[in-house]
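To start, the structure under review is shown below, and the notes come after it.
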Amino acid sequence: MIKKPAIYYFLAFVLAFPALLWNLQIVPFIGDEAIRAIVALEMTISHQWIVPTINGDFYFSKPPLYNWIIIFSNYFWGGPSEWASRTPTVLFTMIFCWLIYLFHRNQYKIVQHNWLVGLMFLTCGRILFWDSFLGLIDIFYSMLTYLMFMLMYTFGKARRYTLFYFSVYTISAIGFLLKGYPSIAFLGMSLLGYFIFSKDWKKIFVPAHFISGIWGMLLIGSYFWAYDYYRDASDTVGPLLEQATRRTVLVHTPGEVLLHLISYPFENLYHFLPWSLMIVLCFRHDFIKSIRENDFIYYNFIILAANIWVYWISPEVYPRYILMLIPLSFSIFIFFYEKEKERATWRVHTLSYLLKGIILIVPFSILAGFFNPDITLINYYGWKLIILFLVMSIMSWIYFRDQPNRPIILVIVVLLLRIGFDAMVLPVRASKGDNPVCKKETLRVAEKYKNEDLFISGNSDLWYVNAFYLAQGRNKITSRKFTLEKGKFYVTDADRVNIDTSRYIIKDSFQDCEFFYCHYVITPK
């Protein structure tokens with residue numbers, strides 16, 4: 001077996017690039033991606049960089065910072081597309097993993113484990129098989145929030161409180177311009193957690209805290225000042241607050257909250273497999289005593305506890321909302337893994353059996369692809385499945401033989417699974433189902449009416465995915481009109497609006513990308 005784990009780590013780094021980039025662009029947007037993409041596209045078309053719109057209507061739910069990033073990516077890659085919207089996510093995922101390593105250097109006895117925490121984050125199920133290939137805000141936002149956590153620890157430990165507060169409030173202000181009020185909650189909870197950890201409560205009242213707080217408010221205020229030049233900035237306050245609270249305990253029944261309290265740990269156990277199984281290492285009576293042996297690990301636990309409770313009591317939250325907290329838990333897992341792996345406790349044995357079970361199942365799960373009727377959409381699918389099965393079988397054999405390097409071997413196995421996913425699953429998603437049809441049909445309609453006056457009729461809905469492809473195909477904003485004029489064309493939601501055929505001519509139709517009803521293109525007689 002390979003004696004130098006550096007070879008395994010090098011292989012993992014090499015595999016990460018095709019895993020993250022192969023077929024990144026081929027699947028049409030989902031709804032939330034399309035929101036980011038359509039807002040960025042309309043800002044570019046209108047040259048209005050401060051006040052976001054969707055279909056020409058004001059969009060209040062998010063500040064525009066991430067849209068500026070997508071706009072830059074669109075320019076870099078030559079125009080708006082799935083690739084342009086998603087490559088920033090891949091870039092920020094890589095930077096996030098590097099930051100995790102950077103702040104873990106020299107934290108563990110085994111040097112490679114400092115890299116391992118970042119690779120665990122990359123290869124947990126939620127990241128690798130979902131969030132890392134979607135054009136959403138959350139990876140970048142989580143990366144910045146995690147950076148805030150770590151700079152608090154770094155500058156606090158060095159007792160450099162001017163840099164401590166300046167970095168905290170600057171990052172929080174940037175976070176606010178990405179996602180709004182959640183950044184305020186992270187700021188408050190994390191500062192509370194830090195001072196519980198440090199017990200240096202007097203440092204709350206140093207001048208640098210108040211000066212930096214004013215600096216943060218000026219950064220946020222400068223955006224609202226610029227916004228107010230075009231539209232009353234107070235119009236954004238309510239929608240931003242509604243976005244921040246609509247999934248929380250404030251708007252749900254006690255029964256829903258209780259059910260979420262019970263189910264939430266198990267949901268996260270599923271979403272962050274396989275590494276979430278390492279939580280079994282934390283089932284010990286001396287848990288708090290043990291983590292207090294290491295300041296960095298204890299700090300990670302305090303910050304995790306200070307922030308996770310908000311989501312634990314909030315029904316209808318998505319796993320992507322807590323991505324900044326996942327490296328904190330993985331840090332704790334590796335700490336206990338190092339502490340116990342040589343002692344062979346029941347916890348280590350349990351974890352070993354669970355991971356061995358996963359490794360044994362993986363090759364045979366590949367063969368199950370032969371029973372999926374959609375697999376015939378893939379060229380040479382038989383050969384691809386057999387090759388992937390053989391590669392996974394070899395990796396499983398290596399896993400069982402090379403016990404000291406099992407964690408990094410598991411990283412490689414998961415990266416190979418993602419490459420198989422890119423090759424076999426994404427092409428099926430790109431060619432089968434409703435969204436590919438919707439994209440094709442919407443682009444067809446966009447080309448047909450590219451040089452015509454095309455609007456949305458009255459209160460008709462035009463879902464975000466359709467809106468993006470219509471605007472992309474025409475390079476025009478599809479705005480809303482309540483008075484219909486002859487010689488112009490209008491998109492109407494015919495499943496909800498009755499079309500009076502005595503007054504209007506139906507010229508075309510295309511399917512909705514989300515709710516599966518039909519849009520019609522009409523014109524007055």
Which percent of Cα-Cα pairs in segment 274-424 sits in each 10 Å bin, short to long? 9, 30, 28, 22, 9, 1
In whole percent, what relative contact order does the chain give with Cα contacts below 8 Å and a gap of six or more residues? 19 percent
Placing each pseudo-label 7 Å from Cα in the direction of the beta carbon, Val206 and Cys518 end up separated by a distance in nanometres of 6.8 nm
If the reach is capped at under 25 angstrom between alpha carbons, list the lysines near Lys202, excluding any in the same chain fewer than eight residues apart. Lys157
Convex hull over the Cα atoms of segment 450-525, averaged projected area in nm²? 4.5 nm²
With a 4.7 Å Cβ cut-off, tell me which Cys residues in the chain come up empty for a partner. Cys97, Cys124, Cys282, Cys518
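Kirkwood hydrodynamic radius for the chain: how many Å is it when counted over pairs of different Cα atoms?
On the way: mean 1/r = 0.0393 Å⁻¹.
The answer is 25.5 Å.
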Which length gain, in nm to one decimal place, applies between Thr154 and Ile394 when the Cα-Cα distance is subtracted from 0.36 nm times their residue separation? 82.2 nm
Extending each Cα 7 Å along its Cβ direction at Ser479 and Asn459, get the distance between those two points in nm, one decimal. 2.2 nm
Could you state the principal axis extents of the C-alpha atoms in segment 381-485, from the largest down, to the nearest angstrom? 75, 28, 20
Can you work out ³J(HN,Hα) from phi for every residue in segment 94-99, in order, using Karplus 6.51 cos²θ - 1.76 cosθ + 1.60 and θ = phi - 60°, giving whole Hz and x for Gly and Pro? 5, 5, 4, 4, 5, 4
Let me know the Kirkwood hydrodynamic radius for segment 338-444, please, with Cα pairs as the basis and the value in Å to one decimal. 16.1 Å
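Percent of Cα-Cα pairs more than 11 Å apart in segment 328-378, please.
Numbers: 958 of 1275 pairs.
Looking at segment 328-378, the distances longer than 11 Å represent 75 percent of pairs.
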With r defined as the distance between the Cβ atoms of Trp346 and Ile262 and R0 fixed at 35 Å, what FRET efficiency is calculated, to the nearest 0.05? 0.85
Give me the Kirkwood hydrodynamic radius of segment 5-107 in Å, from all C-alpha pairs, to one decimal place? 15.6 Å
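Provide the packing ranking of 43-52, 163-172, i.e. peptides ordered by the mean count of other C-beta atoms within 10 Å per residue, highest first. Provide the component values of the computation, followed by the final result.
Details: 43-52: 16.1, 163-172: 21.5.
Highest mean packing first, the order is 163-172, 43-52.
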Of 29-37, 203-211, 426-434, ordering from highest average Cβ density within 10 Å down gives 29-37, 426-434, 203-211
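Calculate the dipole size of the chain relative to its Cα centre from +1 charges on Lys and Arg beta carbons and -1 charges on Asp and Glu beta carbons; express the result in debye to the nearest 20.
Numbers: 48 positive and 37 negative charges, 287 e Å.
So the dipole magnitude of the chain works out to roughly 1380 debye.
How much of the accessible area of the chain, in percent, comes from carbon and sulfur atoms when a 1.4 Å probe is used? Display every interim value, and only then the final one.
Working: 15780 of 24070 Å².
The C+S portion of the solvent-accessible surface of the chain is 66 percent.
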Theoretical FRET efficiency, 1/(1+(r/R0)^6), r = Cβ-Cβ of Val14 and Lys525, R0 51 Å, to 0.05: 0.20
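Between their Cα atoms, which of Lys62/Lys432; Lys440/Lys476; Lys109/Lys199; Lys440/Lys507; Lys384/Lys432 are more than 23 Å away from each other?
On the way: Lys62/Lys432 32 Å; Lys440/Lys476 18 Å; Lys109/Lys199 27 Å; Lys440/Lys507 17 Å; Lys384/Lys432 19 Å.
Where the Cα-Cα span goes over 23 Å, the pairs concerned are Lys62/Lys432; Lys109/Lys199.
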Taking only C-alpha pairs under 8 Å that are 6+ residues apart, what is the relative contact order of segment 138-206 in percent? 30 percent
Point-charge dipole on Cβ atoms (K/R +1, D/E -1) for segment 304-436, about Cα centre, debye to 20: 240 debye
Sorting Gln48, Thr523, Tyr490 by the position of each Cα along the dipole of the chain (Lys, Arg +1; Asp, Glu -1; all at Cβ), the one nearest the positive end of that ordering is Gln48
Projected area, mean over directions - segment 22-68, Cα convex hull, nm²: 3.8 nm²
Between Glu447 and Trp215, what is the spin-label point distance in nm, taking each point 7 Å from the Cα along the Cα→C-beta axis? 5.3 nm
Histogram of C-alpha separations across segment 109-195, 5 Å bin width, %: 3, 13, 20, 19, 17, 18, 9, 3, 0
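Express the accessible area of the chain per residue in Å², computed with a 1.4 Å probe while the remaining protein chains stay in the model. Before the final figure, lay out the partial values.
Working: 24070 Å² over 525 residues.
Using a 1.4 Å probe on heavy atoms only, each residue of the chain averages 46 Å².
When the gyration tensor of segment 407-457 is built from Cα positions, what are the square roots of 5 times its three eigenvalues, in whole Å, from largest to smallest? Before the final figure, lay out each step's value.
Working: eigenvalues 330, 23, 13 Å².
Semi-axes, largest first: 41, 11, 8 Å.
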Applied in sequence order to segment 350-365, the curve 6.51 cos²θ - 1.76 cosθ + 1.60 (Karplus, θ = phi - 60°) yields integer Hz couplings, x standing for Gly and Pro, of 4, 4, 4, 5, 5, 6, 4, x, 5, 4, 6, 6, 3, x, 6, 5
Paramagnetic reach from Gln48 in segment 217-233 [backbone N under 14 Å; point 7 Å along Cα→Cβ]: 227-233
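The values are calculated or read from the model by the stated rules, or taken from the named source; none is laboratory data. A quick note: this is a predicted structure, and the numbers were derived from the prediction, not measured. Glycine gets a Cβ as well: all are built from the backbone with ideal geometry, and neighbour counts include every protein chain shown. Calculation scope for accessible area: heavy atoms of the full protein, side chains included, ligands and nucleic acids excluded. Shrake-Rupley method; radii C 1.70, N 1.55, O 1.52, S 1.80 Å.
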